[in-house]
Amino acid sequence: MPELFSTSIFIGLLLCCTLCLFRVANGPTAPDRAVAIDVLGIVVVGFAAIFSITTGKDYYLNIAIAWALLSFIATLALAKHLEGRGYDE
């Protein structure tokens with residue numbers, strides 16, 4: 001049963017990844033693409049969490065935390081850039 005659960009979550013995350021990549025490629029505006037890239041970061045954190053649960057290795061959670069922090073900082077920087085303000089304001 002746990003193998004079926006983790007496999008179904010893995011397939012769901014792959015589907016989300018595919019849809020986000022479609023939105024990044026065909027997004028009508030730059031903010032739409034930014035949101036899709038942010039969601040891709042969340043999906044990567046989900047992949048790392050699933051790998052951590054299925055393999056029992058803790059370093060995948062460290063990767064997930066680092067990726068989430070970097071994704072958050074990148075989202076803030078991109079939002080300021082799209083708004084037209086500098087990074088020091």
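Odds and ends about this structure:
- Residue in region 75-89 that is farthest from Leu15 (Cα to Cα), counting only those that are of a type outside the set (S, T, N, Q) and touching a residue at least 12 places away in the same chain (Cβ under 8 Å): Leu82
- Scanning region 1-18 for residues that are over 11 Å from Ile50 (Cα atoms) and of a type in the set (Val, Ile, Thr) yields Ile11, Thr18.
- Flag for Phe47 being more than 12 Å from Ser71 (Cβ to Cβ), assigned to a helix (DSSP H, G or I) and out of contact with any helix residue (DSSP H, G or I) (no Cβ under 7 Å at 6 or more places or on another chain): no
- Among the residues of region 31-55, just one is among the charged types (D, E, K, R) and in contact (Cβ under 8 Å) with a residue 12 or more places away in the chain, namely Asp38.
- Looking only at residues of region 50-81 that are among the polar types (S, T, N, Q) and out of contact with any Asp or Glu (no Cβ under 9 Å at 6 or more places or on another chain), we find that the one that is modelled with the lowest pLDDT is Thr55.
- Qualifying residue in region 33-42 (condition: more than 24 Å from Asn62 (Cα to Cα) and either polar (S, T, N, Q) or in a helix (DSSP H, G or I) (or both)): yes
- Summed over region 35-67, residues that are farther than 20 Å from Leu19 by Cβ and not acidic (Asp, Glu) total 15.
- Top-ranked residue in region 47-70 [being closer than 20 Å to Ser8 by Cβ and surrounded by fewer than 16 Cβ atoms within 10 Å (Cβ to Cβ); ranked as nearest to the chain's Cα centre (by Cα)]: Ile53
- Test: residue in region 19-30 that is surrounded by fewer than 13 Cβ atoms within 10 Å (Cβ to Cβ) and either of a type in the set (Gly, Ala, Ser) or touching a residue at least 12 places away in the same chain (Cβ under 8 Å) (or both): yes
- Within region 71-85, considering residues that are surrounded by 15 or more Cβ atoms within 10 Å (Cβ to Cβ) and under 12 Å from the mean Cα position of the chain (by Cα), the one farthest from Cys17 (Cα to Cα): Thr75
The values are calculated or read from the model by the stated rules, or taken from the named source; none is laboratory data. Remember, predicted model here, so these are calculated numbers, not experimental data. For neighbour counting, all protein chains shown are included, and Cβ atoms are generated from backbone atoms with ideal geometry for every residue, glycine included.
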